[in-house]
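Engineer: Provided herewith is a single structure, encoded as structure tokens, for subsequent inquiry.
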Amino acid sequence: MDQISALLRRTMPFQTVSDELLQGIAKLARWKSYARGDVIYDVGDSPDDIYVMSSGSVSHALAPESGVEPQDKIMRSGDVFGWAAVLEGQRGRMAKTVCLERTETIQIDGDELMKLIEQSPATGDVIMSRFATMITREFSAPAQVAARVKHPHSADKPAAQQGGGGVATGWALISFRLGQWLKSPQPYL
């Protein structure tokens, strides 16, 4: 469990969570090993899990039909992919992932993660805002894709995020993320 927690602590979305919440997330994680050439998932597959790289390398190729600029990114230890699992209304994977060598990941069920972080909406909002930042910065996804990141239900969220399936857009989303970023103990720069 300590090895999983240490790996999660290195990732962008989970860097700032409490030790208690991090332990809860670690309990959801499952180790998975892959051989060179294994396809972890393909475009259109069900987006159930989030993946955190432990070792090895994975080619992550975003598809043109994903709404994101097609790109091939190499994922290495500490990188997070499979973020379609935390997007509202996402029915299929947006990329194809292929192991370039023997690879180990931890997998976290996206629905179970959301249930866990809904118990602490303020922290959950920080986690999900960090996912949105990661999606736009590291994967060059447009703001409308990042705006679909699920957020825990919270009474103190901006009104624009409470309606419309929990998806804010435009200035409401920017204001919310800025507020969460400023409250974060280690803002992502």
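The values are calculated or read from the model by the stated rules, or taken from the named source; none is laboratory data. Source: prediction; values computed, not measured. Neighbour counts are summed over all protein chains in view; Cβ atoms, including those assigned to glycine, are modelled from backbone coordinates with ideal geometry. With ligands, DNA and RNA removed, areas are computed over all heavy atoms of the protein, side chains included. Shrake-Rupley method; radii C 1.70, N 1.55, O 1.52, S 1.80 Å.
Engineer: Does S33 satisfy the criteria of being open to solvent by less than 20 Å² (accessible area, probe 1.4 Å), closer than 23 Å to F14 by Cα, more than 15 Å from the chain's Cα centre (by Cα) and of a type in the set (G, A, S)?
Structural biologist: no
Engineer: When you look at S33, is it among the polar types (S, T, N, Q) and in contact (Cβ under 8 Å) with a residue 40 or more places away in the chain, yes or no?
Structural biologist: yes
Engineer: Just to check your reading of the model, which residue among W171, W181 is of a type in the set (F, W, Y) and either farther than 28 Å from D19 by Cβ or at pLDDT 80 or above (or both)?
Structural biologist: Within the list W171, W181, the selection yields W171.
Engineer: So which of S46, S54 is under 16 Å from the mean Cα position of the chain (by Cα), of a type outside the set (A, V, I, L, M) and assigned to a strand (DSSP E or B)?
Structural biologist: S54
Engineer: Moving on to the next point. Every residue in the range 1-43 that is within 19 Å of K115 (Cα to Cα), of a type in the set (D, E, K, R) and not in a strand (DSSP E or B), please.
Structural biologist: The answer is D19, E20, K27.
Engineer: Name the pairs whose Cβ atoms lie under 6 Å apart, with the first residue in the range 115-144 and closer than 18 Å to K73 by Cβ, the second exposed (fewer than 14 other Cβ atoms within 10 Å of the Cβ), and 6 or more positions between them or separate chains?
Structural biologist: Qualifying pairs under 6 Å: S140/E69.
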